[in-house]
Amino acid sequence: MADTLTIKRTSGSASAFIPMDALRSSGPEYSKLVDISRCIGCKGCEVACKEWNELQSEPTANFGSYQSHKDLTPNTWLLMRFNEIEVGENLQWLIKKDACLHCEEPGCLYACPAPGAIVQYTNGIVDFNQENCIGCQYCVTGCPFDIPRYSARTKTVSKCNMCIDRVEAGLEPACVKTCPTNAISWGSKRDMLAKADKAVETLKQRGFQHATVYDPSGVGGTHMMYVVPHGDRLADYSLPTDPTASPAPLTALNFLKRIGAYLFGFSLVGALGHLLAFGQESPDEHE
Amino acid sequence: MSEPLLHRFNLLERIVHWVVGVTYVALLLTGLAFAYPPLFWLTAPLGGGAMARVLHPYIGALFGVAMLLMLVLWIRDMFLNRQDVQWMAAVRYYATHQRDKVPPAGKYNAGQKLFFWVQGVLAVVFVATGVMLWFPEQLAPARTLLSSARLLHYTATLGGGLFLVLHVYLGTVAYPGTARSMIDGKVTRQWARLHHPRWHAEQTGLTDT
Amino acid sequence: MASLAATFGRGAMTNHWKDIKNTDVVLVMGANPAENHPCGFKWAVEARDTRGAKLLTIDPRFTRTSAVADRHMQIRPGSDIAVLGGLIRHILENDLQHTDYVAAHTNASFIVGSAFGFQDGLFSGFDEAASGYDKTSWEYERGPDGYVRRDPTLQHPRCVFQLLKNHYSRYTPDVVAQIAGCTADEFLAMAEIICSTGTADRVGTIMYAVGWTMHTVGSQIIRTAAILQLLLGNIGRPGGGINALRGHANVQGATDHAIVAALLPGYLKVPLPQQATLADHVRDSTPEPLAPGSVNYWANYSKFLVSQLKSWFGEHATGANDYAYDHLPKQVSDATWLTMWDQAHQGRLEGFVTLGFNPLLAGPDVPRLLQAMSNLKWKVVIDPFMLDTAEFWKAPGMNPAEIDTEVLYLPSSHWIERDGSFTNSGRWAQWKEQAVPPPLGVEPDTWILSELFWRVKELYQQEGGAYDAPIQHLTWDYLNPRLPTTVELAEEINGRDLSSGRLLSSFGQLADDGSTASGNWIYTGSYTEEGNQMARRGTADPTGLGMHHDWAFAWPANRRVLYNRASADAGGRPWDATRAGIAWNGREWIGDVPDYGRTTPPDAAGAFIMTAEGVARLFSTDLVDGPLSEHYEPVESPVRNPLHESVPINPTIEWYGGIRETLATDGDDFPYACTVYRVVEREHFVTSNVPRLVETMPDFFVELPEGLAREKQIENGGQVRVWSKRGSVQGTAIVTRRIKPLQVDGRTVWTVGIPVHWGFVGLTQGSMANLLTPFVGDANTRCPEFKSFLVNVERADVETA
């Protein structure tokens, strides 16, 4: 089933802050679901992501880890992060697929000043359009998950686009397609939530008391959700406990900007009013 | 009218002022374009959003240097004194053209001095937060720090911008004869007597009384 | 694989990948499927999540498989038999065996002759001088009818069941802990789960790979696991089995087609010099039934061999000339690869041809291999990529001026660039299509080998030569004799009725009168008159157990689970109706393709048709190092063997000249156990040519435990040097908590891990792991002991370029 992309919000427009619900299509709202308890860290998704999106291979070096890159880069939109922790007496090797979560309330989009550089579609995908990107990197600041990466070479910011071209053609994203253990699933948000709940139930039966679904409300939920076995140790998965679409300084900024717009207006009106009331004060009249 | 004109600003001062002025306006306009999507078209004169993003910090750097120079040139005239306090207390008479109730000002009145200091302080804020926003990748993922920098940068814009409106209004429309001091550096004696009586007296050796 | 045949009759993964979803317990040991078999491993995860199966790993390291397992136990490399023996004892001491199964389908009741014994680490019949056993004393006791005497009550002191109980009684939890380095409690917690499947309604599976085979006791480790699974009644059942995971897409296919020395395709045997005639060879190769009702399928040996000879030599194979039996080479001595390298090392091998293989990196003791290769006159390397083996003279430390070996490199097409079949671990032969054409000028192996054949044949025709008949008479009946197609080859392997010319549909049609031809009897039925069965893609799954009989072709006879007769009780009723392999409905067996006559009544014959006993062998005389398994230390071990200090290692190892001197002795300072392995990002050595994969795992590394790193002041991400008595490697340190220090026999043993994927040719270079490994192999298969040896480590402050 092909999907028609309907824009829900775009950056640098009035709709950035007030979602145009009227535009919401009847098409499904998608979500990826990453069941961390099924992930074996094979990095198949990492490679599939690069292949499909034609991202350059980068020179890497082992830095004392199974992890390929230290961090996401403009050419690495998906990174498997490895972390060894102890839970009680048991060693756990946490392996987490790090990539854009495609927030329902996208902090990157809210922060972006460039019209059309960031677009959210009604199906949940938040896409960066590099041709409209001005390279200010406000989106990097706006993202609660530290996902977008700036390229000094292209002077633009990139991140996972959920293989939007595949989705539009009715296919699942490349990482989902390639995952050998079905740790990554793809479907409607509703179906994925149901699947996630079931996975959490299974985990609890297996003794993971704190298993949880990661679909944080602070960003309105995400379109890549995680099933997290140790839900009480989110930081060990490098998942923020309470992410917000707009951190306090940005909320204040947005508020101030509205006031500022009026103040600028008033100042011009004020000057005109002063002129009309008192006129010019020429030295001549005092002679 | 046949009296000779008074020299108020030398060439260097005028150049520095206009470097600051032009960069300030360019920065304000591009900044407003970044802050207000409906004004994004303001980036067009600089070659569009991406180019504006590239140029804005360079212009800012030039602004910073010019501001520094301006500080060196003018600082000794800008210290506030007791008379300035009295002047400030009477500012409403100044605004309503009731000159007789305004204490005589020197080369700069208290408002101008205040404008100087406010813009000076804001310049520090602009430059400091601007450098952070110029190279955010060096600080990432310092989300709170960078967001706060954005907030401060904007707050400075708001403050500085409003002052600029006032500055331009007063310097051009409200008080004819003022603007030429930044063009050819000269003012008329009448203008000087009206706006800066004590400075007029210093320059001419005359007093009104 | 030798040990699976010794136990069950066939040397292959008993079940298949998707079947793992049907299990209740998955024991992963001697394998790391998450890394090395990620696609198949999904079914283990599926079982875990949908059936609530327990997923367990026992390994020297906490692996990526352990990361998704329910429980992990760390053991010392080379202590597997101790652990598995402990599990067998746990079953027998606590009566946890599946008694009905053991009685119906194993040789538990068979009585062994009174001469059999085991003392001080040696079974009866040991010949010190020959370093081997005379197996006579291991034989069964025969009754007056010629069949083996049996005691169905399992009480006879010499019945296999009692021998087993007695033999493994020494493997108490404390002894297991003492040898393996785990705690007795850890072991018992594992044992409780693993041994929970000895009931009709529960079934468990074992996934193993080269982590078991690559030991001097590799075959016996697998034998121990086979005994364990038989006692628990897990063989032949959906969700059960011993799953031998194959490392490459087509290792099983290569094995089926005689990649192993001393075997012909289809597990027929290479004749021996004393077998002068076909009749001699057939007589020696055809077992006699040992129990009434034994199907003894190998009685058909002559049909398979004669059909194979007809396939190879066509009209030149006739009844009058023993079907060209004389054309088959007779094997005088061992021809496994260690022996070949040893011959080269001694300067007694002139040259070799290698296809799809990088032996320099894949073999043990690389310094020795380099020496051996330098002794060759010539070497032909046929591969899609330039290999370290072809450029061995460029290896670090080599002086090309001193090497006279002529190397010929022939680029061949990659499997992506041609069609053909892969046979996966689960014996599914799956046809694949060409994905992309090969680069201009690059030819497939079939072209290269055909050219080789024709040019040798032409030379023989022009010049004559010693024993040219096998070459002159070889059938090469292809449309384009210079380039046989894979379809032609598949048809030839499947076989034909020679009178009608029709393709055969089952090996049951093969005859030993020269009327049929088949290149490999187990593949008969893979390419029939109905078409290419390997290319079938039907997804129907009427049993719900994932057998998918309409998908591809599984040897033998499209059977999905081997020995599936054992999935039902003596009366033919499935042990577990929800997971029925086959079931007797009064007239015929339904379900999977029965490993049994389709209409043979349940009580008419034994379940294991490939053994002379008709049942599976808990006690088996096939292996050279014992009818039961015993824990022997690796040839390089950090500790003594607490079971029998005088016989610490496998007494039947074949020692090549000069090898003992290359092993660490007590006086040497090699205190740490080391094991080598593979990582998921790389596939052996070929992926060093793939940028994306090099990117995901760029550098050679050394994994070592935190405590050891602290002691040696090695930093995570820093450089570390590891050396054995044979060589030295250097790489990036991964300091980890996933390897813990073990308390073994009263002292602390540290384990170090090293991946194998690096060489000096490819996008990135790195140390060759096999610079360290010992040149010594399993007593049965000569598979080298890669998985356990001794090293020392130090911080390396100078970074290598």
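The values are calculated or read from the model by the stated rules, or taken from the named source; none is laboratory data. The model shown is predicted, which means the values in this text are computed figures rather than measured ones. Here the Cβ positions follow ideal geometry from the backbone for every residue, glycine too, while neighbour counts run over all protein chains shown.
Confirm whether A:Pro113 is surrounded by fewer than 19 Cβ atoms within 10 Å (Cβ to Cβ), at the interface with another protein chain (Cβ under 9 Å from one of its Cβ atoms) and in a loop (DSSP other than H, G, I, E, B).
Here the answer is no, as A:Pro113 does not meet what is asked.
Across the range A:38-56, what is the total count of residues that are at the interface with chain C (Cβ under 9 Å from one of its Cβ atoms), under 23 Å from the mean Cα position of the chain (by Cα) and in a loop (DSSP other than H, G, I, E, B)?
Residues meeting the conditions: 3.
Of all residues in the range C:50-62, count the ones that are touching a residue at least 60 places away in the same chain (Cβ under 8 Å) and either more than 8 Å from chain A (Cβ to nearest Cβ) or in a strand (DSSP E or B) (or both). Full working, then the answer.
Step one: of the range C:50-62, the residues touching a residue at least 60 places away in the same chain (Cβ under 8 Å) are C:54, C:56, C:58-62.
Now drop any that are not either more than 8 Å from chain A (Cβ to nearest Cβ) or in a strand (DSSP E or B) (or both), which leaves C:54, C:56, C:58-61.
Total meeting the criteria: 6.
How many of the residues in the range B:140-162 are more than 7 Å from every other protein chain (Cβ to nearest Cβ) and either at positive phi or surrounded by 17 or more Cβ atoms within 10 Å (Cβ to Cβ) (or both)?
Step one: list which residues in the range B:140-162 are more than 7 Å from every other protein chain (Cβ to nearest Cβ), which gives B:142, B:145, B:149, B:152-153, B:156-157, B:159-160.
Cutting the leftovers down to either at positive phi or surrounded by 17 or more Cβ atoms within 10 Å (Cβ to Cβ) (or both) gives us B:149, B:152-153, B:156-157, B:159-160.
Number satisfying all stated conditions: 7.
Considering each residue of the range A:148-162, count those that are of a type outside the set (D, E, K, R) and buried (at least 24 other Cβ atoms within 10 Å of the Cβ), and give that number. Spell out how you get there, then give the answer.
Initial filter on the range A:148-162 (of a type outside the set (D, E, K, R)): A:148, A:150-152, A:154, A:156-158, A:160-162.
Subset that is buried (at least 24 other Cβ atoms within 10 Å of the Cβ): A:148, A:157, A:160, A:162.
Within the range A:148-162, residues that are of a type outside the set (D, E, K, R) and buried (at least 24 other Cβ atoms within 10 Å of the Cβ) number 4.
Going by what's in this entry, would C:Asp120 be described as touching a residue at least 60 places away in the same chain (Cβ under 8 Å), at positive phi and out of contact with any Pro (no Cβ under 7 Å at 6 or more places or on another chain)? If you could, list the steps in order and put the result at the bottom.
Values: touching a residue at least 60 places away in the same chain (Cβ under 8 Å): yes; at positive phi: yes; out of contact with any Pro (no Cβ under 7 Å at 6 or more places or on another chain): yes.
Taking the combined requirement at face value, the residue satisfies it.
Keeping to the range B:24-57, report how many residues are among the hydroxyl-bearing types (Ser, Thr, Tyr) and either in contact with a strand residue (DSSP E or B) (Cβ under 7 Å, 6 or more places away or on another chain) or surrounded by fewer than 21 Cβ atoms within 10 Å (Cβ to Cβ) (or both).
From the range B:24-57, those among the hydroxyl-bearing types (Ser, Thr, Tyr) are B:24, B:30, B:36, B:43; that's our starting set.
Remaining after also requiring either in contact with a strand residue (DSSP E or B) (Cβ under 7 Å, 6 or more places away or on another chain) or surrounded by fewer than 21 Cβ atoms within 10 Å (Cβ to Cβ) (or both): B:36.
Within the range B:24-57, residues that are among the hydroxyl-bearing types (Ser, Thr, Tyr) and either in contact with a strand residue (DSSP E or B) (Cβ under 7 Å, 6 or more places away or on another chain) or surrounded by fewer than 21 Cβ atoms within 10 Å (Cβ to Cβ) (or both) number 1.
Identify, by number, the condition in (1) surrounded by fewer than 19 Cβ atoms within 10 Å (Cβ to Cβ); (2) touching a residue at least 24 places away in the same chain (Cβ under 8 Å); (3) not aliphatic (A, V, I, L, M) that C:Gly591 doesn't meet.
So C:Gly591 meets the others, but not (1).
Could you identify the single residue in C:Leu562, C:Leu545 that is assigned to a loop (DSSP other than H, G, I, E, B), in contact with a Ser or Thr (Cβ under 6 Å, 6 or more places away or on another chain) and closer than 22 Å to C:Ser425 by Cβ?
Values: C:Leu545 fails: in contact with a Ser or Thr (Cβ under 6 Å, 6 or more places away or on another chain).
None of the other options fit; the residue is C:Leu562.
Inside the range A:170-285, counting only helices (runs of 4 or more DSSP H) that do not spill past its ends, which hold 2 or more residues that are among the hydroxyl-bearing types (Ser, Thr, Tyr) and either out of contact with any helix residue (DSSP H, G or I) (no Cβ under 6 Å at 6 or more places or on another chain) or within 9 Å of another protein chain (Cβ to nearest Cβ) (or both)? I'd like the intermediate steps shown before the answer.
Details: elements: A:174-178, A:189-205, A:248-278.
Where helices (runs of 4 or more DSSP H) fall fully within the range A:170-285 and carry at least 2 residues being among the hydroxyl-bearing types (Ser, Thr, Tyr) and either out of contact with any helix residue (DSSP H, G or I) (no Cβ under 6 Å at 6 or more places or on another chain) or within 9 Å of another protein chain (Cβ to nearest Cβ) (or both), they are A:248-278.
Look through B:Val20, B:Val91, B:Val72 and report the one residue that is over 26 Å from B:Pro197 (Cβ atoms) and either within 14 Å of chain A (Cβ to nearest Cβ) or out of contact with any helix residue (DSSP H, G or I) (no Cβ under 8 Å at 6 or more places or on another chain) (or both).
Details: B:Val20 fails: either within 14 Å of chain A (Cβ to nearest Cβ) or out of contact with any helix residue (DSSP H, G or I) (no Cβ under 8 Å at 6 or more places or on another chain) (or both); B:Val91 fails: over 26 Å from B:Pro197 (Cβ atoms).
Just a single option satisfies the conditions, and that option is B:Val72.
I need a count of the residues in the range C:493-507 that are assigned to a helix (DSSP H, G or I) and touching a strand residue (DSSP E or B) at 6+ places or on another chain (Cβ under 8 Å). Before you say what the answer is, go through the steps one by one.
We begin by selecting, within the range C:493-507, every residue assigned to a helix (DSSP H, G or I); these are C:493-494, C:507.
Still in the running and touching a strand residue (DSSP E or B) at 6+ places or on another chain (Cβ under 8 Å): C:493-494.
Residues flagged as assigned to a helix (DSSP H, G or I) and touching a strand residue (DSSP E or B) at 6+ places or on another chain (Cβ under 8 Å) within the range C:493-507 amount to 2.
Considering only the range C:137-222, give the helices (runs of 4 or more DSSP H) lying wholly within it that have at least 3 residues that are under 27 Å from the mean Cα position of the chain (by Cα) and hydrophobic (A, V, I, L, M, F, W, C). It would help to see each step written out before you state the result.
Values: elements: C:160-168, C:173-180, C:184-194, C:210-213.
Hits in the range C:137-222: C:160-168, C:173-180, C:184-194.
Looking at (1) closer than 25 Å to C:Met207 by Cβ; (2) without any contact (Cβ under 8 Å) to a residue 60 or more places away in the chain; (3) of a type in the set (S, T, N, Q), which one does C:Asn166 not meet, given that it meets all the others?
Unmet for C:Asn166, out of (1) closer than 25 Å to C:Met207 by Cβ; (2) without any contact (Cβ under 8 Å) to a residue 60 or more places away in the chain; (3) of a type in the set (S, T, N, Q): (1).
C:Thr99 versus (1) surrounded by fewer than 22 Cβ atoms within 10 Å (Cβ to Cβ); (2) touching a Leu at 6+ places or on another chain (Cβ under 6 Å); (3) among the hydroxyl-bearing types (Ser, Thr, Tyr): which is the lone unmet condition?
The failed condition is (2).
Here's the yes/no breakdown for (1) touching a residue at least 12 places away in the same chain (Cβ under 8 Å); (2) over 26 Å from the mean Cα position of the chain (by Cα); (3) closer than 26 Å to C:Leu452 by Cβ; (4) surrounded by 22 or more Cβ atoms within 10 Å (Cβ to Cβ):
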position: C:Phe352; (1), (2), (3), (4): yes, no, yes, no
position: C:Leu369; (1), (2), (3), (4): yes, no, yes, yes
position: C:Val380; (1), (2), (3), (4): yes, yes, yes, no
position: C:Asp388; (1), (2), (3), (4): yes, no, yes, yes
position: C:Phe392; (1), (2), (3), (4): yes, yes, yes, yes
position: C:Met398; (1), (2), (3), (4): yes, yes, no, no
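Just to be sure I understand, how many residues within the range C:676-724 are touching an Asp or Glu at 6+ places or on another chain (Cβ under 8 Å), more than 14 Å from chain A (Cβ to nearest Cβ) and modelled with pLDDT under 95?
1
What's the number of the only condition in (1) free of Cβ contacts under 8 Å to residues at least 24 places away in the same chain; (2) of a type in the set (A, V, I, L, M, F, W, C); (3) crowded, with 16+ Cβ neighbours inside 10 Å that B:Val187 fails to meet?
The single condition B:Val187 does not satisfy is (1).
Of these, C:Gly762, C:Gly753, C:Gly731, C:Gly727, which one is under 27 Å from C:Asn689 (Cα atoms), within 11 Å of chain A (Cβ to nearest Cβ) and not β-branched (Val, Ile, Thr)? Write out each step before concluding.
Values: C:Gly762 fails: within 11 Å of chain A (Cβ to nearest Cβ); C:Gly753 fails: within 11 Å of chain A (Cβ to nearest Cβ); C:Gly727 fails: within 11 Å of chain A (Cβ to nearest Cβ).
Exactly one of C:Gly762, C:Gly753, C:Gly731, C:Gly727 is under 27 Å from C:Asn689 (Cα atoms), within 11 Å of chain A (Cβ to nearest Cβ) and not β-branched (Val, Ile, Thr), namely C:Gly731.
Here's the yes/no breakdown for (1) buried (at least 17 other Cβ atoms within 10 Å of the Cβ); (2) modelled with pLDDT under 95:
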| site | (1), (2) |
| --- | --- |
| C:Ala262 | no, yes |
| C:Pro287 | yes, yes |
| C:Tyr301 | yes, no |
| C:Phe313 | yes, no |
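Answer yes or no: is there a residue in the range B:176-186 that is of a type outside the set (S, T, N, Q), at the interface with chain A (Cβ under 9 Å from one of its Cβ atoms) and part of a helix (DSSP H, G or I). Please lay out each step first, then the result.
Within the range B:176-186, the first condition is being of a type outside the set (S, T, N, Q), and the residues that meet it are B:176-177, B:179-180, B:182-186.
Subset that is at the interface with chain A (Cβ under 9 Å from one of its Cβ atoms): B:176-177.
Checking the rest, the ones that are also part of a helix (DSSP H, G or I) come to none.
Within the range B:176-186 (the criterion being of a type outside the set (S, T, N, Q), at the interface with chain A (Cβ under 9 Å from one of its Cβ atoms) and part of a helix (DSSP H, G or I)), the answer is no, since none of the residues qualifies.
With surrounded by fewer than 17 Cβ atoms within 10 Å (Cβ to Cβ) and either of a type in the set (Ser, Thr, Tyr) or touching a Phe, Trp or Tyr at 6+ places or on another chain (Cβ under 7 Å) (or both) as the only criterion, which of B:Lys107, B:Lys101 stands out?
Numbers: B:Lys107 fails: surrounded by fewer than 17 Cβ atoms within 10 Å (Cβ to Cβ).
When all the criteria are applied, what remains is B:Lys101.
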